[in-house]
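What follows is a short report on a single structure.
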Amino acid sequence: MKKSLLLLILFSLLSLSKLTAQFEGTFGMGVHAGYGAEIKSPGAGIHIHYYQTNNLRFAPSLTWFLERKGEGMWMVDGDAHYMLPLSFSTSLYPIAGVHYSNWSYDNWIDPDRLYDPLQGGGLSGEERTFHRLGLNLGLGFQYDISYRVRANFELKYQFMNDYSQLQFMAGYGFWF
């Protein structure tokens, strides 16, 4: 009985090493698309994944959102993922990172002119740009389609002053 239990534990430990493949030092590139809740618009972009260790991955990305009602946005994220293998082809990962976004408005509402009927009711008629720094927290899921091709799905919340939003992204990438 003890030998059977010892063999079972040994085989279980050996199978765990297969779940943590050797990714250290590798990188990949891909595309992603999704939706931002605050901007209320779809977006698309590019990302890079670099494995610092087998479980720690850095993922910078650049995303542009479609302009909607005179409001546009692009953003740069620098996220870290901690990969938690679920099986040979799937992983779950928490997301934490920094965020920079550039929000532009074609017909910006000037609060100083909002109640002045002589100045057109608040529309300034000029483009305004706001820059926002923030933090990202979320959860992601990765599915390995084949040896060098992967799909990922992410849900994260971006904490920014006056512009915080929930964001969903789906991506597709290749590894080198």
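The values are calculated or read from the model by the stated rules, or taken from the named source; none is laboratory data. Since this is a predicted model, take the numbers as computed values, not measurements. Counting neighbours? That spans all protein chains shown, and the Cβs are built from the backbone with ideal geometry, glycine included.
Numbers at a glance
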item	result
The stretch 84-120 - residue that is aromatic (Phe, Trp, Tyr) and either in contact with a strand residue (DSSP E or B) (Cβ under 8 Å, 6 or more places away or on another chain) or within 24 Å of residue 138 (Cβ to Cβ) (or both) and, of those, modelled with the lowest pLDDT	108
Identity of the residue in the stretch 80-103, touching a residue at least 60 places away in the same chain (Cβ under 8 Å) and part of a strand (DSSP E or B), that ends up surrounded by the most Cβ atoms within 10 Å (Cβ to Cβ)	101
Condition check for residue 41: at pLDDT 90 or above, more than 24 Å from residue 176 (Cβ to Cβ) and out of contact with any Cys (no Cβ under 7 Å at 6 or more places or on another chain)	yes
Meets criteria (closer than 25 Å to residue 142 by Cα and at pLDDT below 95) for residue 19	yes
Selection count, the stretch 67-82, where residues are farther than 16 Å from residue 163 by Cα and at pLDDT 95 or above	5
Test set (1) surrounded by fewer than 20 Cβ atoms within 10 Å (Cβ to Cβ); (2) touching a residue at least 40 places away in the same chain (Cβ under 8 Å); (3) part of a loop (DSSP other than H, G, I, E, B) - residue 54 fails condition number	(2)
